[in-house]
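One structure is given below, encoded as structure tokens.
The values are calculated or read from the model by the stated rules, or taken from the named source; none is laboratory data. All of these numbers come straight from a predicted model, not from anything done at the bench. In this analysis, Cβ positions are derived from the backbone assuming ideal geometry, glycine residues included, and neighbour counts consider all displayed protein chains.
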Amino acid sequence: MKFIITESKRELMAFKWLNDNYGDLEVIDIKKYPEDIQYNKDGQMIFNYNIKTHNVFILNQPIWSFLTYFFGFTYDEVRDLTKKWVEDRFGLEVQTTLTYPKYE
């Protein structure tokens with residue numbers, strides 16, 4: 001089934017999906033890596049924040065790939081969207097968001 005979503009609504013729907021599914025992450029301080037803060041859901045790391053570089057590493061599955069394949073965002077659009085979401089939702093200063101592997 002294919003849905004047609006206007007450009008203005010697509011970002012709002014993506015933010016709603018992120019907040020509904022990942023807005024209540026558990027913050028984990030990693031003693032072994034004091035410059036990193038891990039954000040988990042149900043015991044699984046969803047993203048990692050580096051307090052020195054202000055970079056956020058987001059797991060490809062499920063967030064990055066869902067935003068790419070379901071909403072049709074490009075890699076750069078997902079990067080910008082997730083940067084804004086992490087800043088707004090978690091109050092972090094973010095330089096950029098990254099995932100591995102990079103694909104389009």
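How many residues does the range 29-66 hold that are more than 13 Å from the chain's Cα centre (by Cα), at pLDDT 90 or above and among the aliphatic types (A, V, I, L, M)? Going through the range 29-66 one residue at a time, the tally reaches 2. Scanning the range 88-98 for residues that are outside any loop (DSSP other than H, G, I, E, B) and either surrounded by fewer than 15 Cβ atoms within 10 Å (Cβ to Cβ) or under 8 Å from the mean Cα position of the chain (by Cα) (or both) returns ASP88, THR96, THR97. Residues that are closer than 17 Å to LYS83 by Cβ and among the polar types (S, T, N, Q) were ranked within the range 41-61; the one that is surrounded by the fewest Cβ atoms within 10 Å (Cβ to Cβ) is THR53.
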